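Contents: one structure, followed by commentary.
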Amino acid sequence: MLRHEFRPGRAVAGLAMLGLAGGYAADAAGAWEVPWTFFLPVFLGGLWLAATATWAAYMLRRRRRDARKASAEKTAAPASTSGSHAIK
């Protein structure tokens, strides 16, 4: 059993930040010459992807929760509508 639910938005944000950290480390070490303006779109794109992943996961959880709730409610037709007392 899982100890907590998976949060894909946090995973995507973490990967984007690790990528940025690696890029800055490579630039600081002199292994990669890149202008600082390259990192801003990578940062914003990573945040946008994280927000999209969070939204998609929320919508899936909400849909599953609504389906579970609808199946648990007793709003269906009674067991017998023909007048007999037989249970379907």
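Derivation of every value follows stated rules applied to the coordinates shown; laboratory data play no part. Model, not experiment: these values are computed from the prediction. We place every Cβ from the backbone using ideal geometry, glycine too, and count neighbours over all the protein chains shown.
One chain, two ends: T54 and R7. Fully extended at 0.36 nm per residue, the span grows by 16.2 nm beyond their Cα-Cα distance.
Which value in Å is the Kirkwood Rh of region 12-60 over different Cα pairs? Working shown, then result.
On the way: mean 1/r = 0.0856 Å⁻¹.
Hydrodynamic radius (Kirkwood, Cα only) of region 12-60 equals 11.7 Å.
With R₀ fixed at 35 Å, the C-beta to C-beta distance from L20 to D66 puts the FRET efficiency at about 0.40.
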